[in-house]
Each structure stands twice: as C-alpha cells, then as structure tokens.
Amino acid sequence: MDNPALFDRPFDPWPLVAAWERALPGGAGRHGASAVFTGTMRDFNEGDDVARMTLEHYPGMTENYLRRIMDEARERWPVQSCYIAHRVGEIRPGETIMLAAVWSAHRREAFEACRYLVEELKHRAPFWKKETLADGTARWVTRNTPG
Amino acid sequence: MITVRFFASLREQLGTAERRLPASDVHTVAEAWQQAAGGLPLPDNTLAAVNQEYADPDTPVREGDEVAFFPPVTGG
C-alpha cells in the first residue's frame with residue numbers, strides 16, 4: 001500500500017484526499033491530524049508569462065524514489081499514513097502538479113512529515129519541467145524556487 | 001551490453017534518449033558518459049543513476065546495467 005500515483009491528465013487532489021482518509025489503516029479515530037500540500041502550476045515564472053509546461057520523468061526510478069521518500073517519512077515520524085500524487089506530461093496553468101498528504105496522531109508530525117515529502121520530492125525525485133512561454137519559446141526549468 | 005539513458009535537456013542536447021555500449025568498454029559511470037556522449041564534456045550539476053539509484057562518476061558499471069544521466073530535478 002501507500003504507492004505513489006502518477007497522472008498523465010488533470011487530477012483533482014481533494015477527492016483523492018477524502019478517499020485516502022476513508023481507507024486509512026485502522027479506520028476512523030486513529031488520527032488526530034492531517035496535513036495536505038498541493039502544488040499548482042503558475043502562469044508566471046522568473047518574470048515571464050507561462051502558457052504551458054511538460055513534465056518529464058524517469059519511469060520506474062521516479063516511482064521508486066517517491067516510495068522511498070514516503071518510507072523515510074514513516075521511519076522518522078510516527079505517521080499513520082502518507083500519500084503522494086504527481087502529474088506527468090502536458091500541464092496548464094491552474095492544474096494541480098502534486099499532492100502530498102500525511103495523517104498522524106498529532107499536528108507536529110503531520111506538518112513536519114508533509115514538509116519532508118514535498119522537499120525531498122523536489123530535490124530527489126526525477127522530474128523535469130519544460131515550460132512554454134506566452135510568446136511560444138520553450139525552456140527547461142533549471143532550479144527549484146527556494147522553499 | 002550497457003544501456004545509457006539521457007533525460008530532459010541532456011536528451012535534447014545529445015539528440016538521443018538511449019545508447020547501448022558493449023560492457024567490455026565501460027567500467028564506471030564516468031566511462032559510460034565518455035563512451036556515450038560523443039565527446040561532450042559532462043555538464044556541471046549533471047546527476048547520474050545506475051539501475052535507477054543515484055550514483056557517482058566512479059560507481060562501477062557491469063554487464064546489463066542501466067546508466068542514466070540527467071540535469072538537476074525540478075518536480076513538485
């Protein structure tokens with residue numbers, strides 16, 4: 001269980017969060033906190049208008065690293081459950097790029113583990129963004145914005 | 001054989017996603033780059049993986065391995 005999800009078309013993160021919460025191991029009443037992060041594609045980057053973006057990944061390695069990052073979060077904090085979903089392929093402004101969610105007994109581990117999932121994903125999971133600007137030029141995104 | 005894969009801007013720069021090399025010619029990740037990249041120097045910040053695990057230039061490479069090179073990751 002706790003497999004990451006990669007979507008090659010737009011996805012709504014909120015029904016996923018609700019469905020995952022209904023299916024938590026041990027059932028309702030075991031967690032007192034949930035922390036959810038969603039990342040959404042902006043229509044601007046580095047001062048330019050962005051029309052669309054392509055998200056490339058390394059099939060196999062990407063899923064393995066997402067799984068590993070979730071395993072590490074579970075080792076470091078007493079979390080009940082973790083979930084990561086991420087887009088691949090063509091994406092447009094306003095669409096969800098990623099979802100990270102953590103359920104735990106108390107808020108501290110939920111916040112900290114969720115932050116860990118997001119930061120480790122951004123630094124280790126093999127995804128690459130290529131954006132197409134409003135004027136039609138395309139460029140690879142070469143760095144993450146500071147967290 | 002060794003399979004060498006390139007992703008993102010490196011794939012575009014090299015004009016190919018994959019090259020196959022005889023294992024006898026390649027003993028490390030750095031040698032895989034030299035053999036597969038057609039003389040292009042390894043760009044700064046390039047990341048490497050062997051069998052889908054992050055690796056270093058001196059990580060050994062063996063028959064049947066998959067070596068990958070790619071720029072810094074920008075997901076999320």
Residue that is surrounded by the fewest Cβ atoms within 10 Å (Cβ to Cβ), among those in segment B:1-29 that are farther than 20 Å from B:Val73 by Cα and among the small types (Gly, Ala, Ser): B:Ser24
Close pairs (6 angstrom Cβ cut-off, 6 or more residues apart or separate chains): more than 9 Å from chain B (Cβ to nearest Cβ) in segment A:55-74, surrounded by fewer than 22 Cβ atoms within 10 Å (Cβ to Cβ) and assigned to a helix (DSSP H, G or I) anywhere: A:Ile69/A:Glu120; A:Ala73/A:Tyr116
Residue within segment A:100-113 that is in a helix (DSSP H, G or I), buried (at least 23 other Cβ atoms within 10 Å of the Cβ), of a type outside the set (Asp, Glu) and modelled with pLDDT of 95 or more present: yes
Filter pass, A:Glu90 being in a helix (DSSP H, G or I) and of a type outside the set (A, V, I, L, M): no
Residues located in segment A:24-48, provided they are surrounded by fewer than 18 Cβ atoms within 10 Å (Cβ to Cβ), part of a loop (DSSP other than H, G, I, E, B) and at negative phi: A:Leu24, A:Pro25, A:Ala28, A:Arg30, A:Gly32, A:Arg42, A:Asp43
Failed condition for B:Ala48, given (1) part of a loop (DSSP other than H, G, I, E, B); (2) surrounded by 17 or more Cβ atoms within 10 Å (Cβ to Cβ): (1)
Unmet requirement for B:Ala32, which otherwise passes all of (1) more than 9 Å from the chain's Cα centre (by Cα); (2) of a type outside the set (Lys, Arg); (3) surrounded by 16 or more Cβ atoms within 10 Å (Cβ to Cβ): (1)
Verdict on B:Thr28 being of a type in the set (Ser, Thr, Tyr) and within 14 Å of another protein chain (Cβ to nearest Cβ): no
Residue list for segment B:1-21, filter: in contact with a helix residue (DSSP H, G or I) (Cβ under 7 Å, 6 or more places away or on another chain), in contact (Cβ under 8 Å) with a residue 60 or more places away in the chain and outside any loop (DSSP other than H, G, I, E, B): B:Ile2, B:Val4, B:Phe6
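The values are calculated or read from the model by the stated rules, or taken from the named source; none is laboratory data. Here the structure is a predicted model, which is why all the values come from computation and not from measurement. FYI the Cβ positions are ideal-geometry reconstructions off the backbone, even for glycines, and counts take in every protein chain you see.
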